[in-house]
Amino acid sequence: QAMLMAGDIDIFPRAGTRSVPQFKSSPRFQVIEVGTRSKVILAINNRRKPLDDVRVRRAILAAVDRNAVIQGAADGFGKPIGSHYPIGAPGYVDTTAVNPFDVAKAKQLLAEAGVKTPLELRMTLPPPSYARQGGEVIAAQLAAIGINVKIQNVEWAQWLSGTFGGGHDFDLSIVAHVEPFDLVKYTEPDYYWGYDSKKFRDLYVSIQNEANEKKRNALLGDAQKMLAADAVNGFLFQAVFPTVARKEVKGLWPSMPIVANDLAAISWS
């Protein structure tokens, strides 16, 4: 940031979110909020009771205020998502209204599922700040519906061996999935969140076999709606990174399909 302010460099991709206000207030700079393919999710272990009940998962989602999570976890740099699919990808549909923030509905769903509160759950969090800070926000939100969350902070090696791998020893977790197209993971029952749906697997085969782009995009929309309806995970937000540059720089990417910057397209006016 200091080099940018001093004029030693012209472009700073993925600038620190807390440094952005000083650049936004200066006429010398432009700030572009660059959309990514990263999906930040509240992963839910679908194998464990009572999380194997879709009503309990829907209750968890209804208790989560995505906008508050985005503020707390990412300083406001994120866009709410309702499924495991980023805004701007082919066939994207807005599913955020499928499981909206509704505390009363969340309590009702827990009661319908026969869950006696307080319900004790463990949230295992890897090191990134979006996970640690987002976890604190979500734990407070879940407390409002009678779910007591015990936070367990772990290093990546522990998360990979115990949560993502091994015996999938977790109830909840928060992680960013950065692969551009990773719906295929919902066809794998042994994947760490344990979603096992023949209906979704059949739909995914149809997506793979559909050559017509319009029809394929419609099927992709169906897939997003199915994951939202099944409340497989708590779909939180698409990560957004600020790029700061001098006003004269043109051709900067407004979205980041890959984690790189195409310098061939950039020019100075």
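Figures for the structure shown
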{"quantity": "Heavy-atom accessible surface of segment 67-188: percent carbon and sulfur, 1.4 Å", "calculated": "55 percent"}
{"quantity": "Residue pairs, from the table Lys79/Lys185; Lys105/Lys215; Lys185/Lys225, whose Cα atoms sit over 26 Å apart", "calculated": "Lys105/Lys215"}
{"quantity": "Scaled radius of gyration (Cα, divided by 2.2 N^0.38 Å) that segment 52-211 gives", "calculated": "1.08"}
{"quantity": "Computed FRET value (nearest 0.05) for Asp102 with Asp222, which takes r as the C-beta separation and R₀ as 22 Å", "calculated": "0.35"}
{"quantity": "Angle in degrees between helix 129-143 and the longest Cα principal axis of the chain, rounded to the nearest 10", "calculated": "40 degrees"}
{"quantity": "Mean projection area, nm², convex hull over Cα of segment 1-106", "calculated": "9.1 nm²"}
{"quantity": "1.4 Å probe accessible area per residue over the chain, in Å²", "calculated": "46 Å²"}
{"quantity": "DSSP-defined beta bridges in the chain - what % are antiparallel, rounded to 5", "calculated": "70 percent"}
{"quantity": "Ala144 paired with Asp182, simple spin-label distance in nm, labels 7 Å along Cα-to-beta-carbon", "calculated": "2.9 nm"}
{"quantity": "Cα convex hull of the chain - mean projected area over all directions, nm²", "calculated": "15.9 nm²"}
{"quantity": "The chain - mean residue ellipticity at 222 nm from DSSP helices (-39,500 (n - 2.57) per run, n ≥ 4, rounded to 500)", "calculated": "-9000 deg cm²/dmol"}
{"quantity": "Heavy atoms of Lys250 accessible to a 1.4 Å probe, total area in Å² rounded to 10", "calculated": "100 Å²"}
{"quantity": "Normalised alpha carbon radius of gyration of segment 118-269 [divisor 2.2 N^0.38 Å]", "calculated": "1.31"}
{"quantity": "Principal axis box of segment 92-169, alpha-carbon based, largest edge first, Å", "calculated": "38, 36, 23"}
{"quantity": "Contour excess over end-to-end distance, with Cα ends at Glu213 and Ala113 and 0.36 nm allotted per residue", "calculated": "32.0 nm"}
{"quantity": "Segment 1-53, accessible surface, carbon-and-sulfur percent (1.4 angstrom probe)", "calculated": "53 percent"}
{"quantity": "Unit charges on C-beta of K, R, D, E only; dipole of the chain, Debye", "calculated": "420 debye"}
{"quantity": "Net +/- balance of residues flanking Ala62 in space, Cβ distance below 13 Å, scoring K and R +1, D and E -1", "calculated": "+3"}
{"quantity": "Additional length obtainable on full extension of the chain from Ser161 to Lys247, 0.36 nm per residue less Cα span", "calculated": "26.4 nm"}
{"quantity": "Accessible surface of Val103 - all protein chains present, 1.4 Å probe, nearest 10 Å²", "calculated": "50 Å²"}
{"quantity": "Gyration tensor (Cα) of segment 153-212, equivalent ellipsoid semi-axes in angstrom", "calculated": "28, 13, 8"}
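The values are calculated or read from the model by the stated rules, or taken from the named source; none is laboratory data. Just so it is clear, the model here is predicted, and its values are computed rather than measured. Note that each Cβ is placed from the backbone with ideal geometry, even for glycine, and that neighbours are counted across all protein chains shown. For accessibility, only protein heavy atoms count, side chains too; no ligands or nucleic acids. Shrake-Rupley method; radii C 1.70, N 1.55, O 1.52, S 1.80 Å.
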